[in-house]
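These notes are about the structure you will find just below.
The values are calculated or read from the model by the stated rules, or taken from the named source; none is laboratory data. The structure displayed is predicted, hence computed values, not measured ones. For neighbour counting, all protein chains shown are included, and Cβ atoms are generated from backbone atoms with ideal geometry for every residue, glycine included. Each accessible area value is taken on the protein alone, full model and side chains, heavy atoms only, with ligands, DNA and RNA left out. Shrake-Rupley method; radii C 1.70, N 1.55, O 1.52, S 1.80 Å.
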Amino acid sequence: MDKKFKFSVWYLIAAFWALIFLQEIYLASKHQAEIPYSQFRSWVEQNKVSEVAISETIIHGQVKPEKEGESSRRFTTVRVQDPDLIHLLEEHQVKFEGVVVSTFWRDVASWVIPILLFAGVWIWIIRRMSEGQGGLMRIGQSKAKIYVERGVPVRFTDVAGVDEAKEELNEVIEFLKTPDKFTKVGGRIPKGVLLVGPPGTGKTLLAKAVAGEAGVPFFSISGSEFVEMFVGVGAARVRDLFEQAKSKAPCIIFLDELDALGKARGIGPMAHEEREQTLNQLLVEMDGFDSRAGVILLAATNRPEILDPALLRAGRFDRHVLVDRPDRKGRVAILKIHARTVTFEPDVKLDTIAGMTPGMVGADLANVINEAALLAVRHGREAVSQKELEEAVERVIAGLEKKNRVLNKAERERVAHHEVGHALVALSLPGADPVQKISIVPRGIAALGYTLQLPTEDRFLLTRTELETKIAVLLGGRVAEELIFGEASTGAHDDLRKATDIAKRMIKEYGMSESLGTVVLEPSAPPMFLQLQESPRAGDYSEQTAREIDCEVRRLIEVQRSLVTALLTSLKPALLEGAQRVLEKEVISGDDLRSILTMHKAAPIASDSPARPA
Ligand code: ADP
Ligand code: MG
Ligand code: ZN
């Protein structure tokens, strides 16, 4: 199907036409006069004609010379349908021949040319199609789409603010560098590591850095590229990817945007046949390869919750590494990385910039530096000054505000007091889970800040006091807001729902209410699939009891609320100072807050403490 062949098809067609054309010319060259058929007939009858050549449409003839030595004259006439002609020619002894050649070639041509034309067009279409899809004839060979990088230049020093993730990935690097060391001991090396985090936090960058640090080839392919038009292409591509990778071991396979491919099967308006096949193939390949062969699978996603559970099972992507938004310290480090290529005035303070950009991710910060450099150029400056950096922050925030990710100052103050409120209640009440850290770095879509409490041990039983303490801690945020700002906000929505849920369970499931007694008041059977419940409280109890449950829930929560209000009022100075500390640092540890608390407990509570934060 190369060029030569394609050309020769056209040559062949041209040759046929030329042949027919030449034949006509040859026959025409012999003719001299064109005469009517009637005249031709009468010449034959008068024995003037010596010989004729009959073709399909024309009769070429020669007239007998009238005298000896004279050359014979030639003529042509149009052949008409004349059944007598042959008989007539025989009668007058005229030599005649049929010119069969011309019809033969024309017949051949009339068959062959359309076939050749058709074949030509067909070949052309096939070629066009296969060019468009990177080789229709080579389906599944993903060479065009897999990106292999050797000698990846990215190092861990190019990624900042994700120290915990780096620490976890260190083991992977160690293994890729010296696989023997691990295989000798016989330990199981993780096959798949899933990087989870919001967009722009540096997941792709981190994966590259792992390859760069280990000095191994980096095969990367994006999940969306797997989902192709043709069923089966994606699966073939997966197979090919693993085959290629195995031949280059040790190496890293990086599946970016795994959620595009790994969506739970059967989710969505149409279960996507192609995606399912590809996903199945991926699972098969993951089970089939042994990480001891030196191939490590990395993947990244910002929506781990929609992934197919099969992908997350043991032996697949069972290790998850959180790549979270950077805190203030991390942001300084990221700014420094991106500042390496830009010239700054000596008085530039990146730390101030980091303080202005809570909630921003690495990609946003890279953008800030870039914007600042562009602004400096526009202002005709040699170096970037603090003014341009601050303007750049404003620009980037303006762009981000549409996505609703960056809190304004007042909101951050509220969130800080709210979180410290939770934490102080948890620190003060016995039986609460210890506070690990308090953060106002936005996390996920909903949480604006969080107080991380980690239980010290697994618990299977909870006492009544412990449940009440949980409710108290949940109310701490709301109460702190009211205490400091004088009114509540929508921020406590989730806390209140959880608190109400615990209270309801205490009464209905655990029989922990005096007035309703030790009975279980659960609906007798779980509602059937799609069965409409007649009323939201369709339980195995009366309307009267339902009303009593509502009252009891309210009472239970109210008791805790007044308790928490009293507690936080007495701890107001610690609340204010703790919140200030959080606003400054964004993340503080539970121990930090504990020392603030003990300091204020020792000092007598000043009655004229400031009611509002500075
Ligand atoms: P993700 O894959 O998580 O969406 P990327 O790795 O594609 O994010 O990040 C995009 C760009 O943002 C990177 O190329 C880098 O310039 C910058 N960036 C993001 N996170 C960091 C970080 N932690 N440290 C340094 N630069 C970062
Ligand atoms: Mg990415
Ligand atoms: Zn809260």
- Query: Could you say which residue among 587, 582 is crowded, with 17+ Cβ neighbours inside 10 Å and touching a Ser or Thr at 6+ places or on another chain (Cβ under 6 Å)?
  - Reply: 587
- Note on the structure: Taking segment 355-375 and keeping only residues that are within 13 Å of ligand 1 (Cβ to nearest atom) and open to solvent by 10 Å² or more (accessible area, probe 1.4 Å), one is left with 362, 363, 364, 366, 367, 370
- Message: Could you check segment 528-544 and list, in sequence order, the residues that are surrounded by fewer than 16 Cβ atoms within 10 Å (Cβ to Cβ) and either of a type outside the set (D, E, K, R) or at pLDDT 90 or above (or both)?
- Response: 528, 529, 530, 531, 532, 533, 535, 536, 538, 542, 544
- Would you please list the contacts, defined by Cβ atoms under 6 Å and residues six or more apart or on different chains, that run from a residue in segment 192-210 that is under 15 Å from residue 161 (Cα atoms) and in contact (Cβ under 8 Å) with a residue 60 or more places away in the chain to a residue that is part of a helix (DSSP H, G or I) and acidic (Asp, Glu)? none
- Complete set of residues in segment 376-400 that are open to solvent by less than 30 Å² (accessible area, probe 1.4 Å) and part of a loop (DSSP other than H, G, I, E, B): 383, 385
- Item | Selection within segment 333-344 - open to solvent by 60 Å² or more (accessible area, probe 1.4 Å) and touching a residue at least 24 places away in the same chain (Cβ under 8 Å) | 336, 338, 343
- Note on the structure: Within segment 42-92, of all residues that are part of a loop (DSSP other than H, G, I, E, B) and touching a residue at least 24 places away in the same chain (Cβ under 8 Å), the one surrounded by the most Cβ atoms within 10 Å (Cβ to Cβ) is 55
- Search segment 204-223 for residues being under 13 Å from the mean Cα position of the chain (by Cα) and assigned to a helix (DSSP H, G or I), and hand back the single one that is nearest to ligand 2 (Cβ to nearest atom). 204
- Here the residues within segment 300-329 that are open to solvent by 70 Å² or more (accessible area, probe 1.4 Å), more than 19 Å from residue 201 (Cβ to Cβ) and either touching a residue at least 40 places away in the same chain (Cβ under 8 Å) or not charged (D, E, K, R) (or both) are 309, 314
- Is one or more of the residues making up segment 256-266 modelled with pLDDT of 70 or more, more than 19 Å from the chain's Cα centre (by Cα) and either farther than 21 Å from residue 310 by Cα or within 16 Å of ligand 2 (Cβ to nearest atom) (or both)? no
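Residues checked against (1) in contact (Cβ under 8 Å) with a residue 24 or more places away in the chain; (2) in a helix (DSSP H, G or I); (3) within 14 Å of residue 201 (Cα to Cα); (4) within 16 Å of ligand 2 (Cβ to nearest atom):
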position: 331; (1), (2), (3), (4): yes, yes, yes, no
position: 346; (1), (2), (3), (4): no, no, no, no
position: 353; (1), (2), (3), (4): yes, yes, no, no
position: 359; (1), (2), (3), (4): yes, no, yes, no
position: 366; (1), (2), (3), (4): yes, yes, yes, yes
position: 374; (1), (2), (3), (4): no, yes, no, no
- Can residue 226 be described as within 22 Å of the chain's Cα centre (by Cα), buried (at least 20 other Cβ atoms within 10 Å of the Cβ) and modelled with pLDDT under 80? yes
- Message: Going by what's in this entry, would residue 547 be described as modelled with pLDDT of 80 or more and under 43 Å from the mean Cα position of the chain (by Cα)?
- Response: no
- residue 462 vs (1) out of contact with any Phe, Trp or Tyr (no Cβ under 8 Å at 6 or more places or on another chain); (2) modelled with pLDDT of 70 or more; (3) surrounded by 21 or more Cβ atoms within 10 Å (Cβ to Cβ): all pass except (3)
- Note on the structure: Among the residues of segment 560-581, the number that are among the β-branched types (Val, Ile, Thr) and either in contact with a helix residue (DSSP H, G or I) (Cβ under 6 Å, 6 or more places away or on another chain) or without any contact (Cβ under 8 Å) to a residue 12 or more places away in the chain (or both) is 2
- Identify the residue in segment 471-481 that is crowded, with 22+ Cβ neighbours inside 10 Å and out of contact with any Asp or Glu (no Cβ under 6 Å at 6 or more places or on another chain) and, among all such residues, is nearest to residue 552 (Cα to Cα). 471
- Message: Among the residues in segment 563-578, are any at pLDDT 90 or above, outside the structural domain of residue 354 (by TED's automatic domain parsing) and surrounded by fewer than 12 Cβ atoms within 10 Å (Cβ to Cβ)?
- Response: yes
